[in-house]
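Written out below as structure tokens is the structure these notes cover.
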């Protein structure tokens, strides 16, 4: 309502043009040092281990990860799920305080899926890992192991040639 009333009070003659002058740079802006860009990291391989209690969820998520890697032109060297799963049996009392003879056994199954990516830059790896970690379903655990390529140190020299 207020804006409508303000528009009614504005006439064509009352509007004036304004010119904006460029502000002079502030002293702190002109003294900022320019940093040299750092080279991007290189990874020879990235190993991703997935764990879940539901095999269907794990299979669907591993398919999603492979499809995302294919879209980003990432080399997927291995993507496999071992046949055997990890089983853990726990025996607990049915009742908290009495009936010590009556027990219940629970079985926990953990399914695994392994994916190995090869020859990635740091920015591509960060983008891919952030994307797949933001879309991880409930009940899936992910462990990432990166193998970075680095230059040899200056203290390492080739052995002297024996002639």
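Coordinate-derived values only; no laboratory data. Computed from a predicted structure; not experimentally measured. Because the Cβ atoms are built from the backbone with ideal geometry, glycine has one as well, and the counts that use them run over all protein chains shown.
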Based only on other Cβ atoms within 10 Å, what is the fewest-to-most ordering of 40, 47, 73? 73, 40, 47
Sort 53, 86 by Cβ crowding within 10 Å, fewest neighbours at the top. 86, 53
For residue 103 paired with residue 136, estimate the spin-label separation in nm (one decimal), with each label point 7 Å from Cα along the Cα-to-Cβ line. 3.4
For residue 148 and residue 60, FRET efficiency with R0 = 35 Å and r from the beta-carbon atoms, rounded to 0.05? 0.70
Quick shape check on region 80-163: root eigenvalues a ≥ b ≥ c of the Cα gyration tensor, a/c under 1.5 is rounded, otherwise prolate if a/b tops b/c, else oblate, and it reads prolate
Here, residue 91 and residue 121, labelled 7 Å along Cα→Cβ, have an inter-label distance in nm of 5.9
